[in-house]
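Structure, as C-alpha cells:
The values are calculated or read from the model by the stated rules, or taken from the named source; none is laboratory data. These numbers were taken from a predicted model, which means no experiment stands behind them. We place every Cβ from the backbone using ideal geometry, glycine too, and count neighbours over all the protein chains shown.
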Amino acid sequence: MRLATIRTGDTTTAARLIDDTRAVSLNAPDVGALLRDGGFEEGEEFTFSPTDLAPVIPRPGKIICVGLNYAKHIEEMGHKQPDVPTLFIKFPEALIGPYDDAEVPAFNAETLDFEGELAVVVGKRARHVKNGADYIAGYSVINDYTQREYQKRTQQWHQGKSLEKTAGFGPWLDTEWQPGPAITTTLNGEVMQHSLTDDLVFTPAKLIEFISHLYPLEPGDVIATGTPDGVGHARNPKRYLADGDTVRVEIEGLGAIENTTRVM
C-alpha cells in the first residue's frame with residue numbers, strides 16, 4: 001500500500017494511492033497524523049498531479065539522519081567504519097515535497113551538495129526494542145541536502161544539514177517495499193550515485209533498535225539511513241549544486257523525487 005500527503009487547495013489530506021494520478025482520501029490531514037491516530041477511514045476518490053504531493057510526512061516529530069552508513073561513502077569521505085551509528089538531526093522546516101524546488105538564499109548557496117537516501121518511517125512507539133523490524137511503517141525517499149562549508153566548520157554536522165526548504169521527501173510511504181533494490185541519484189540527468197539499498201553498515205531495523213535505547217521513537221518519526229558514495233563534495237573536481245541544477249533520487253520499486261535548486 002502506498003500512502004501520500006496530497007495538497008488540496010489550502011489544505012492537505014492523507015490518501016491511499018490507486019495509481020500515479022488517482023487516490024482515495026483518508027480521515028487525516030497527512031500521513032504523519034494517520035500513523036499517530038490510526039483510523040484508516042476512506043473517503044472519496046480524486047485525481048492529483050505530481051506537484052500536488054507534499055512531503056509524505058510534513059512535520060515529523062523527529063528526523064534522525066545517519067552519516068557514514070555505506071562502506072564506499074565512508075571510504076570516499078576519509079573516515080573509518082564506525083562501530084555505532086553516526087547520528088545528527090534535521091528539522092521539519094527543511095522538508096519540501098518530492099517535486100518542489102529547493103529554495104536557497106544567496107548567502108547560503110555555496111558548496112551545496114546532494115545525498116540521495118532511503119528513509120524509514122516508524123509505525124509505532126519504540127522504546128528499548130529488540131526487533132526494530134516490527135516497528136517499521138514503511139519506506140520513502142529523501143535527499144539529505146547539505147551545505148558542505150557549514151557542515152565542515154565544526155565537528156557537529158547539523159548546521160550544514162538542515163537548510164530551510166531544501167530536503168525533498170516522498171513521493172509516498174510504501175508499506176510493503178523492502179530494502180535491496182538500487183538507489184540512483186542523478187544531477188541534470190548524469191548518474192552521480194548508484195548502490196543497493198541493503199548495502200548498509202546498519203540496517204533500518206538495527207537503527208531503530210539502537211536509537212530506541214537513546215530515546216523513544218514515535219509513529220511518524222523518520223530515519224534517513226545514509227547516502228552511498230558519489231556525493232559532489234568527494235569528487236575531483238568537486239561537483240556542487242548551482243541555481244537551476246536538478247537532482248533526482250530514485251529507488252527501484254519504491255519511487256523517485258526530483259528537486260531543482262533555486263538560489264533566491
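Please indicate, with yes or no, whether at least one residue in the range 14-34 is exposed (fewer than 15 other Cβ atoms within 10 Å of the Cβ) and of a type in the set (Gly, Ala, Ser).
No, the range 14-34 has no match at all.
If you take the residues in the range 190-219 that are hydroxyl-bearing (Ser, Thr, Tyr) and in a loop (DSSP other than H, G, I, E, B), which one is farthest from Thr261 (Cα to Cα)?
Initially, the range 190-219 is screened for residues hydroxyl-bearing (Ser, Thr, Tyr), giving 195, 197, 203, 212, 215.
Subset that is in a loop (DSSP other than H, G, I, E, B): 197, 203, 215.
Working: Thr197: 25, Thr203: 30, Tyr215: 34 Å.
That would be Tyr215.
Which count do you get for residues in the range 39-93 that are farther than 30 Å from Tyr215 by Cβ, modelled with pLDDT of 95 or more, outside any strand (DSSP E or B) and not β-branched (Val, Ile, Thr)?
Total meeting the criteria: 4.
Return yes or no: is Pro181 out of contact with any helix residue (DSSP H, G or I) (no Cβ under 9 Å at 6 or more places or on another chain) and over 23 Å from Asp83 (Cα atoms)?
On the way: out of contact with any helix residue (DSSP H, G or I) (no Cβ under 9 Å at 6 or more places or on another chain): yes; over 23 Å from Asp83 (Cα atoms): yes.
The answer is yes for Pro181.
Being assigned to a strand (DSSP E or B), in contact (Cβ under 8 Å) with a residue 40 or more places away in the chain and closer than 23 Å to Thr86 by Cβ, is that true of even one residue in the range 223-237? Full working, then the answer.
Looking only at the range 223-237, we keep the residues that are assigned to a strand (DSSP E or B), and these are 223-224.
Add one more test, that the residue is in contact (Cβ under 8 Å) with a residue 40 or more places away in the chain, and what stays is 223-224.
Those left that are additionally closer than 23 Å to Thr86 by Cβ: 223-224.
There is at least one residue in the range 223-237 that is assigned to a strand (DSSP E or B), in contact (Cβ under 8 Å) with a residue 40 or more places away in the chain and closer than 23 Å to Thr86 by Cβ.
With the requirement that a residue be under 22 Å from Thr197 (Cβ atoms) and buried (at least 19 other Cβ atoms within 10 Å of the Cβ), what does the range 227-249 give you?
Thr227, Pro228, Gly230, Val231, Gly232, His233, Val247, Arg248, Val249
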